[in-house]
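The values are calculated or read from the model by the stated rules, or taken from the named source; none is laboratory data. Remember, predicted model here, so these are calculated numbers, not experimental data. Cβ placement follows ideal geometry from the backbone for every residue including glycine, while neighbour counts extend to all protein chains displayed.
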Amino acid sequence: MPRALRRAAPGLCLWALVHSGVTPRAVSIQAARSATDAVAMLRGLPLALEPEADGRSYVARGPGYVARFGAARARFQLGSPTHDGAGLELRILGANETAEAVPSRPLPGRSHYLIGDDPARWRRDVPQYERVEYRGVFPGIDVAYYGSQRELEYDFLLAPGADPDRVRLSFAGARALRVERRIS
C-alpha cells in the first residue's frame, strides 16, 4: 500500500469520528490499519442530513458525493464538488414545494463551516439528523429521506384515505432505470 494512503487512513477515521460524533469506544482509530478499512468504516455511518441556510432544504455529504433534498426533489452530485461529475435528480411531480421539513433522529455530531475570512458568513454548530420528513407533499402524503453512506432510501408515508396515484416520479441524469419488485 502506498505510504500516503497508510498515513491518510487514521485521518479518515478521525474525520469519521468527529463528523459522526461516535465515541472512541464505539469505533477505534487503531481499527483502521488501511485506507480500505477507513472507507469501510465511513460506509457504515448513517447519512448525516444537515439543514441548509434556507431552513427548508437539507444536504448530505460523503466520500465522493453531495446530495441535496427538498420537498419536491433530491439531487445527487457524484465526484468532487469542485469538478463536474455525474449527477442525478429525482423529482416528485406536482409536489408541494413548500411542504414542512421535519428532521428526526438527531446525531451526536455537529458541523462547522468556517469558509473565508468573514466570520459573519461562517456556519457553526450545524445539527445533523439521520432522517428528514417533508410533511404534506400531497394531501395526506409525506416523504422521508434517510440512509447510510452507501445508499439512500426514501419512503412515501400515506395517511388513511390518501391517494397513492398522486405520487409520480421523474428522473433526470440517469441513462437507464429499473424497478425492483422486492419489499423489505
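Identify all residues within region 138-180 that are without any contact (Cβ under 8 Å) to a residue 40 or more places away in the chain and in a strand (DSSP E or B); write none if there are none.
Restricting attention to region 138-180, the residues satisfying the condition of being without any contact (Cβ under 8 Å) to a residue 40 or more places away in the chain are 139-141, 144, 151, 153, 155-165, 175-180.
Result: ILE141, ALA144, GLU153, ASP155, PHE156, LEU157, LEU158.
Sort through ARG73, ARG105, ARG110 and tell me the only one that's under 19 Å from the mean Cα position of the chain (by Cα) and under 24 Å from ARG166 (Cβ atoms).
ARG73
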Exercise. Select, from ALA162, ALA172, ALA144, the only residue that is touching a Lys or Arg at 6+ places or on another chain (Cβ under 8 Å) and either of a type in the set (Phe, Trp, Tyr) or surrounded by 15 or more Cβ atoms within 10 Å (Cβ to Cβ) (or both).
Key: ALA144
Quiz item: From the set of residues in region 63-73 that are in contact with a Leu (Cβ under 8 Å, 6 or more places away or on another chain) and within 11 Å of LEU49 (Cβ to Cβ), which is modelled with the highest pLDDT?
Solution: PHE69
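Mind listing whichever residues of region 116-131 are part of a loop (DSSP other than H, G, I, E, B) and under 27 Å from GLU100 (Cα atoms)? Spell out the reasoning first.
Start the filter on region 116-131 by keeping residues that are part of a loop (DSSP other than H, G, I, E, B), which leaves 116-118, 122.
Across region 116-131, the qualifying residue is only TRP122.
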Exercise. Return the residue satisfying two criteria in turn: it lies in region 100-145 and is within 15 Å of PRO51 (Cβ to Cβ) and among the aromatic types (Phe, Trp, Tyr), and of such residues it is modelled with the lowest pLDDT.
Key: TYR113
